[in-house]
1. What Kirkwood Rh does the chain have if only Cα atoms enter the pairwise 1/r average? Answer in Å.
2. At a 1.4 Å probe radius, which order do THR11, THR215 fall into by accessible area, largest first?
3. So which of LYS89/LYS133; LYS38/LYS81; LYS6/LYS38; LYS81/LYS144 end up more than 18 Å apart by C-alpha?
4. Determine how many Å³ per residue the convex hull of the Cα atoms of the range 1-62 encloses.
5. Can I get the semi-axes of the range 165-271's equivalent ellipsoid? Compute them from the C-alpha gyration tensor as square roots of 5 times the eigenvalues, in angstrom, largest first.
6. Accessible area per residue for the chain in Å², computed with a 1.4 Å probe and the full protein assembly in place, what is it?
7. Excluding ALA250 itself, what net charge comes from residues whose Cβ is under 15 Å from its Cβ, given Lys and Arg +1 and Asp and Glu -1?
8. Which of ASN45, SER195, GLY166 sits farthest toward the positive end of the charge dipole of the chain, with +1 on the Cβ of Lys and Arg and -1 on the Cβ of Asp and Glu?
Amino acid sequence: MRLNNKVILITGGATGLSGEINGIGGAAARICAKEGAKVLIGDINDEMGQKTANQINEIGGHARYLHLDVTDEDEWVSVYKSIASVEGKLDILVNNAGTGVPNYDPSLTSARNSEEALMVEHITVDGLQSQLKVHAQGVLLGMKHGIPLMRNGLGGSIINVSSIHGIVGTHTVTSYQAAKGAVRQLTKAAAVQYSKENIRVNSIHPGFTKTPLTTELFTNPEILSDRVSQIPLGRFADAEEIAMGILFLASDESSYVTGAELIIDGGVIAQ
Ligand code: NAI
């Protein structure tokens with residue numbers, strides 16, 4: 001039991017149904033529950049989030065679903081109020097909620113899959129802001145209101161899910177890259193600021209991973225073979241392989257790790 005009695009909040013953790021393709025947060029919820037954690041799932045997909053929590057409880061784990069739109073500060077405040085009154089503490093926060101849908105210039109809709117439609121000069125302000133809102137603002141708010149609750153305990157671990165595209169450039173996801181780059185740097189700021197209180201803050205940088213978010217990438221043979229050709233290990237990751245990195249950073253095994261970037265990408269950005 002690597003997380004015995006730890007309280008962990010995972011945002012975007014709804015997609016964890018057994019027998020289906022899991023998201024990274026859903027897979028992390030199942031794995032962390034197996035390791036003895038009390039798992040709180042925060043998401044906007046209430047139906048699936050509740051089902052995932054129910055399934056975890058049915059197999060002897062401990063999970064509770066809470067509606068949470070990570071862009072909404074008031075919702076963060078009420079989620080943490082609920083955790084303070086029910087679980088009484090917060091040990092681990094996984095800021096995982098995200099959307100990968102690129103925001104296209106509407107005038108280029110016909111070129112949806114063309115790289116041109118996604119390059120800097122075609123990015124709209126609305127598109128940029130919607131990515132920053134979910135990823136950067138969501139992560140900031142989660143840390144802002146979660147840190148005081150961690151301070152009540154013996155410290156804690158915050159894991160922010162960025163992407164390899166928060167580190168290196170690419171043709172296809174400009175606004176997403178700006179937002180994931182912000183997640184990477186917010187992580188380092190918080191790591192430095194809260195280290196004295198034993199609150200560790202790290203970022204995870206997944207590469208191409210089979211999840212509900214990326215269905216289009218791995219079911220379209222042309223896109224799939226293009227992406228796989230970029231991966232030294234020659235295949236997409238399963239969500240569980242990313243979740244194992246989250247488990248490591250959540251557990252006391254990583255007690256000396258803070259401000260770090262854990263890249264789990266089959267070697268893509270080693271090239
Ligand atoms: P997913 O679709 O399974 O999970 C995303 C979850 O976030 C969903 O449950 C969705 O309902 C939730 N969500 C979206 N907006 C939200 C909001 N405003 N408030 C609360 N919840 C919200 O997809 P996946 O792939 O597991 O994504 C998880 C994270 O991993 C995301 O941050 C994504 O950007 C990141 N990532 C994914 C990669 C991939 O190849 N699948 C690669 C690199 C990073």
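The values are calculated or read from the model by the stated rules, or taken from the named source; none is laboratory data. In this text the structure is predicted, and so the values were computed from the model without any measurement. All Cβ positions, even for glycine, are placed from backbone atoms using ideal geometry, and neighbour counts span all protein chains on display. Ligands, DNA and RNA are stripped out before the accessible areas are found, and what is left, the full protein with its side chains, is counted by its heavy atoms. Shrake-Rupley method; radii C 1.70, N 1.55, O 1.52, S 1.80 Å.
1. 18.7 Å
2. Largest to smallest exposure gives the sequence THR215, THR11.
3. Over 18 Å apart, Cα to Cα: LYS89/LYS133.
4. So the per-residue Cα hull volume is 65 Å³.
5. Values: eigenvalues 158, 50, 24 Å².
Three semi-axes, in Å: 28, 16, 11.
6. Averaged over the residues of the chain, the accessible area is 46 Å².
7. Local charge sum for ALA250: +2.
8. SER195
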